[in-house]
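Peer 1: To start, I am sharing the structure in question, which I have written as C-alpha cells.
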Amino acid sequence: MGLIAFLKEKFAKKDKKVDKYQEGLAKSRKNFSSKLNTLSERYKAVNQDYFDELEQILIESDAGISFTLNVIEEVLNQSKKDNISDPKKINEILVDKMFVGYAEKGDIQNDVVFRKDGPTVLLVVGVNGVGKTTTIAKLAYRYINQGKKVLLVAADTFRAGAVEQLTTWAERLKINIVTGKPESDPASVAFDGMKKAKEENVDLVIVDTAGRLQTKNNLMLELAKIKRVMSKEIPDAPHETFLVIDATTGQNGVVQAKAFKEVTDLSGIVITKMDGTSKGGIILAIRDELGVPVRFIGLGEKMDDLEEFDLDKYLYGLCVENE
C-alpha cells in the first residue's frame, strides 16, 4: 500500500485535528496536490518532460532545490527499476519519498520534554515580524491547559513595544512575567527570570529574545551570554531552543533558519502562518537543509491553532484532495 492510500485509510474518519490540517493547508494543497493531479492527467506515460514539470512543482512549493533534486532522482531511479510509467503511480512514489526524506533525518520530537527536577527553560529566537511574541503566548496557553505553571521572561529589551506586547499576553493568560528596564541587558533580565522561576516553583519558563539577525556577531554574543547566566541558576538551561519562522516568507525563512543555526543550537522549529501560504513545502526544505525537526505549526489565528507537527497529517493535508 502506497502512502497516499495509507493516509486516506488512516484518516477516513476525520477528527478535528485532521480537519484543522486540511483547512490550514488548503492554499498549499491547491498549489501542490492540484498541480500534481493536473500534471498526471496530461500525460499517458511519464517521460523526461514529466519529471521536469514534477521538479518545477516541488520548487514552486518551496521544498528547496536540494530536497527537490534528491527526491526527483530517487523517484526517477525507482520508476526505472520497477518499470513504472503510470503518472499517478509516479506521484504516489513521490509522496512516499517525501515522507522518507523527512523522517530519515532523525527522531521526530514534538512536545517539550519537562525536567523532573526544577523548571524547564525554553528559549525562543526569531527575527522581528515572524509572530514570535504571539507564538510564545500560544505555547504558554498550550502548557497552562496541560496544568503547567508557566513564567514568561521578556529578554527582548531593544525592540520597541516587545516588552509591552508580551506583558499584555501575560495579563490575558493570567501568568507572571519578568521584565527589565528599556534597553537593559537581556542577560540580566534572563537571570532574574531564572531566579523567579526557582522561587515560584515554575514548570516552564519561556524566554523571549531579540532577533537582530543583521548583526549576527552581536546576536551570537548576546545569546551566548544569556545561556551562560541562565545555566548558572538552572542547570543546562536552556533545555529547548525554538526558532520561529513565518511560512509566508518562503525561502527567506530557510535562510533565516540557517543563520540562526550558525549562532545557537536549535532543538526545534515553529512555523507560523502556514494557513496563509501556498508554499507548504518549506517544512521539507527546512528539515532537509538543517536537520532540525519542525515541532509546531500555526494553522490559524486562534490560541489553540498552534498544532504539534504531525508528518502524516501534514502530508495528508498537502497531498490529498478533499473528497
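Peer 1: Among the residues of segment 59-117 satisfying the criterion of being polar (S, T, N, Q) and open to solvent by less than 40 Å² (accessible area, probe 1.4 Å), which is farthest from GLU41 (Cα to Cα)?
Peer 2: This residue is ASN110.
Peer 1: Quickly run through segment 1-20 and pick out the residues that are surrounded by 14 or more Cβ atoms within 10 Å (Cβ to Cβ), in contact with a Phe, Trp or Tyr (Cβ under 9 Å, 6 or more places away or on another chain) and of a type outside the set (A, V, I, L, M, F, W, C).
Peer 2: LYS8
Peer 1: Right, something else. Within segment 49-88, count every residue that is at negative phi and out of contact with any helix residue (DSSP H, G or I) (no Cβ under 8 Å at 6 or more places or on another chain).
Peer 2: Residues in segment 49-88 being at negative phi and out of contact with any helix residue (DSSP H, G or I) (no Cβ under 8 Å at 6 or more places or on another chain): 9 in total.
Peer 1: For segment 21-30, indicate whether the set of residues that are at pLDDT below 95, outside any loop (DSSP other than H, G, I, E, B), open to solvent by 60 Å² or more (accessible area, probe 1.4 Å) and touching a Ser or Thr at 6+ places or on another chain (Cβ under 8 Å) is non-empty.
Peer 2: Yes, that holds for at least one residue.
Peer 1: Looking at segment 109-143, which of its residues are assigned to a loop (DSSP other than H, G, I, E, B) and within 15 Å of ARG159 (Cα to Cα)?
Peer 2: Of everything in segment 109-143, those that are assigned to a loop (DSSP other than H, G, I, E, B) and within 15 Å of ARG159 (Cα to Cα) turn out to be GLY126, VAL127, ASN128, GLY129, VAL130, GLY131.
Peer 1: Continuing with this model, one more query. How about segment 89-112: which of its residues are among the β-branched types (Val, Ile, Thr) and either at positive phi or in contact (Cβ under 8 Å) with a residue 60 or more places away in the chain (or both)?
Peer 2: ILE93, VAL95, ILE108, VAL112, listed by residue number.
Peer 1: Ok, one more. In contact (Cβ under 8 Å) with a residue 40 or more places away in the chain, among the basic types (Lys, Arg), open to solvent by 20 Å² or more (accessible area, probe 1.4 Å) and in contact with a Ser or Thr (Cβ under 9 Å, 6 or more places away or on another chain) - does that describe any residue in segment 276-299?
Peer 2: yes
Peer 1: Mind checking which residues of segment 252-275 are surrounded by 23 or more Cβ atoms within 10 Å (Cβ to Cβ) and within 26 Å of ALA170 (Cα to Cα)?
Peer 2: Matches in segment 252-275: ILE269, VAL270, ILE271, THR272, MET274.
Peer 1: Contact list please: Cβ distance under 9 Å, first residue in segment 139-150 and closer than 15 Å to ARG115 by Cα, second residue open to solvent by 60 Å² or more (accessible area, probe 1.4 Å) and aromatic (Phe, Trp, Tyr), pairs at least six apart or on different chains.
Peer 2: Taking only residues 6 or more apart or on different chains, the pairs are VAL150/TYR141.
Peer 1: Evaluate the following for LEU204: is it open to solvent by 10 Å² or more (accessible area, probe 1.4 Å) and out of contact with any His (no Cβ under 7 Å at 6 or more places or on another chain)?
Peer 2: No, not satisfied.
Peer 1: Among the residues of segment 39-58, write down those that are over 20 Å from ILE282 (Cα atoms) and surrounded by 14 or more Cβ atoms within 10 Å (Cβ to Cβ).
Peer 2: Of everything in segment 39-58, those that are over 20 Å from ILE282 (Cα atoms) and surrounded by 14 or more Cβ atoms within 10 Å (Cβ to Cβ) turn out to be LEU39, SER40, TYR43, VAL46, TYR50, PHE51.
Condition check ((1) at pLDDT below 95; (2) surrounded by 16 or more Cβ atoms within 10 Å (Cβ to Cβ); (3) more than 23 Å from MET220 (Cβ to Cβ)) across all residues:
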position: ASN145; (1), (2), (3): no, no, yes
position: LEU151; (1), (2), (3): no, yes, yes
position: GLY161; (1), (2), (3): yes, no, yes
position: THR167; (1), (2), (3): no, no, yes
position: GLU171; (1), (2), (3): no, no, yes
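The values are calculated or read from the model by the stated rules, or taken from the named source; none is laboratory data. These numbers were taken from a predicted model, which means no experiment stands behind them. All Cβ positions, even for glycine, are placed from backbone atoms using ideal geometry, and neighbour counts span all protein chains on display. In case anyone asks, the SASA skips ligands and DNA or RNA and just uses the protein heavy atoms, side chains included. Shrake-Rupley method; radii C 1.70, N 1.55, O 1.52, S 1.80 Å.
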